[in-house]
1. Go through the stretch 197-211 and count every residue that is in contact with a Gly (Cβ under 6 Å, 6 or more places away or on another chain) and either aliphatic (A, V, I, L, M) or outside the structural domain of R251 (by TED's automatic domain parsing) (or both).
2. Collect the residues in the stretch 191-210 that are more than 30 Å from F519 (Cβ to Cβ) and surrounded by fewer than 14 Cβ atoms within 10 Å (Cβ to Cβ), keeping them in residue-number order.
3. Filter the stretch 497-527 down to the residues that are among the acidic types (D, E) and under 22 Å from F177 (Cα atoms), then identify the one that is surrounded by the fewest Cβ atoms within 10 Å (Cβ to Cβ).
4. Can you list the strands (runs of 3 or more DSSP E) lying wholly within the stretch 307-422 that have 2 or more residues being modelled with pLDDT of 95 or more and surrounded by 11 or more Cβ atoms within 10 Å (Cβ to Cβ)?
5. Out of the residues in the stretch 472-496 that are β-branched (V, I, T) and at pLDDT 95 or above, state the one that is surrounded by the fewest Cβ atoms within 10 Å (Cβ to Cβ).
6. Can you tell me how many residues within the stretch 423-462 are aliphatic (A, V, I, L, M), crowded, with 17+ Cβ neighbours inside 10 Å and in a strand (DSSP E or B)?
7. Can you pull out the residues in the stretch 248-306 that are of a type in the set (V, I, T), in a loop (DSSP other than H, G, I, E, B) and more than 18 Å from G386 (Cβ to Cβ)?
8. Going by the structure shown, is L176 among the hydrophobic types (A, V, I, L, M, F, W, C), closer than 30 Å to G213 by Cα and in contact (Cβ under 8 Å) with a residue 24 or more places away in the chain?
Amino acid sequence: MDGSSQRGGKPHTRRLGKLSACLVVASLSASVPAVAQQQDQASPAAGKKDVVRIGPAESGKPWPPIDEAAAEAAAAQERAHAEREAAAARERDEIRAQLSTLRSDLESERVARTAAEQSLATRVESIGAKASEAPPSVGSARLGLGLTGFAQGDLVVRQSSVDQLNPSGAPLNQELFQIRRARLRATVDRWWVAGAIELDGNTVNGPQARLIGAEASLKWPPERGNPVPIVMATMGLFKIPFGFEIGQSDRERLFIDRTTATRALFPGEYDVGARLQGGWRVFRYAVAVQNGNPMGDRAFPVRDPNAAKDVSGRVGVDVPMAPGFWVAGGASGLRGTGFHAGTAATKAVVQWSDTNGNGAPDPGETVIVPGAAAQPSQNFTRFAFGGDLRLGLTMPKLGATMIYGEVVLAKNMDRAILPADPVSFSRDYREFGVYGGLTQELGPSAMVGVRYDFYNPDADSTNQVMGAQLPTALSYQTLAIAAALRGPSGRLIAEFDLNRNHNGRDIQGNPANLADNAFFVRGEVSF
Ligand SMILES: [Ca+2]
Ligand SMILES: [Ca+2]
């Protein structure tokens, strides 16, 4: 602003200086004819005096004939006088012309100034209008604060829902309204330092408010607003860098939830630790050391029962192939240490079970259970490997298409759906998960998508049939079909999940599908 006003001021003062110089010239040249006129007025008097001096000294005496020289001088004087008069008239005309030029200059100056003032006023007005439409600013101790958030309110209807309680007293009804996520994220982005604090509220297991993200990062090169620095070192609570779906934002994903495999192997997505990540050109990398018990861990969420840490990472590429067409993909790995909780020492007890149901102790119904020594806790190893691939295409008018998929192979990694405990089970759990999906934007305000996912929590599971152990499947399959209406700051999503599992039993007692199809409606607002 200062620079522009200085730039604007210079020609202005120069113009004014020119103007004042013109005015000085005008006043000087105006005084010149006045002097000339005075001289003109004075000179005929002087001429008359000369004539008087030249005239007869005494009356009555014959005046000698007029001296020719004197007559000539008088004529010359007359001529000079006429010339002076003419010159003065010319000068007056010139001055008049100059004055009228100055007047017109002034007039045009005034018109230009008025126009400039008007355009400035219009600009100020439009800037003011824009400023009043801009998002309100939030005060903070440092520059570079960002504040985002979203709320997702869901209506859930699930086929397996019953109006009963589970053995620990939790309701089994799953036809309800719930706040799935209500997040508030504050970020700071400085030259060397970046950070974030994210809070989550939900009503999934009753009202809950919790810390979900906390990051303190040092980055290089020291730039602001660069989403992919070459190196960024972070300490805090952040998402496990494995695959694509964990890192995908909940406000960007079309589908109501992540796939079953991701929810089982990386429950809650967030874990505490340290991370190194960044990118160079099309390459991306991230490696993290974390406690190993993420936010959704059944036993010790975001705590760590053992000293061993889980190491995970992903290397990938993000390649813009052509305008409107891109490919991204990567390979991920995790190696970690799980924890099997030990048991406390027990005393010997007598147990009575009323086998004949007569309400009285009878011979053979009492058993003595001997006391047992405490069992120490044990660690076990676990790992996961995965690959992810995405193709994106943007078509004019229609919008973006994304085709994506991921596969993961793991051992003893399940921490939520069928928690792996190879110590008490005496063998390892081999998990396998895969999914593929397609999402399509339909103009700026609609989106549809379909996704199929498969998860097997124990590839070696068996089922006892008539005393024999037979291989059986424990896998989960979901076909999710979703559609959304979208606006700049909100979405209305409807999703139908066709679920297949082996959690039910048929009338012969064999594993069967437990009817568990689900329907969701989600209202989301984001800022
Ligand atoms: Ca650990
Ligand atoms: Ca009895």
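The values are calculated or read from the model by the stated rules, or taken from the named source; none is laboratory data. Note that this is a predicted model, so its numbers are computed, not measured. As a convention, Cβ positions derive from the backbone with ideal geometry for all residues, glycine included, and neighbour counts pool all protein chains shown.
1. Residues flagged as in contact with a Gly (Cβ under 6 Å, 6 or more places away or on another chain) and either aliphatic (A, V, I, L, M) or outside the structural domain of R251 (by TED's automatic domain parsing) (or both) within the stretch 197-211 amount to 1.
2. Residues of the stretch 191-210 more than 30 Å from F519 (Cβ to Cβ): 191-197.
W191, W192, listed by residue number.
3. Filtering the stretch 497-527 down to residues among the acidic types (D, E) leaves 497, 506, 516, 524.
Add one more test, that the residue is under 22 Å from F177 (Cα atoms), and what stays is 497, 516, 524.
Values: D497: 21, D516: 19, E524: 21.
Among residues in the stretch 497-527 that are among the acidic types (D, E) and under 22 Å from F177 (Cα atoms), the one surrounded by the fewest Cβ atoms within 10 Å (Cβ to Cβ) is D516.
4. 310-322, 325-340, 378-395, 399-411
5. Quick first cut of the stretch 472-496, residues β-branched (V, I, T) only: 472, 478, 481, 493.
Cutting the leftovers down to at pLDDT 95 or above gives us 478, 481, 493.
On the way: T478: 22, I481: 14, I493: 22.
So, considering only residues that are β-branched (V, I, T) and at pLDDT 95 or above, the one surrounded by the fewest Cβ atoms within 10 Å (Cβ to Cβ) is I481.
6. Total meeting the criteria: 2.
7. Of everything in the stretch 248-306, those that are of a type in the set (V, I, T), in a loop (DSSP other than H, G, I, E, B) and more than 18 Å from G386 (Cβ to Cβ) turn out to be I256, V282, V302.
8. Numbers: among the hydrophobic types (A, V, I, L, M, F, W, C): yes; closer than 30 Å to G213 by Cα: yes; in contact (Cβ under 8 Å) with a residue 24 or more places away in the chain: no.
Here the answer is no, as L176 does not meet what is asked.
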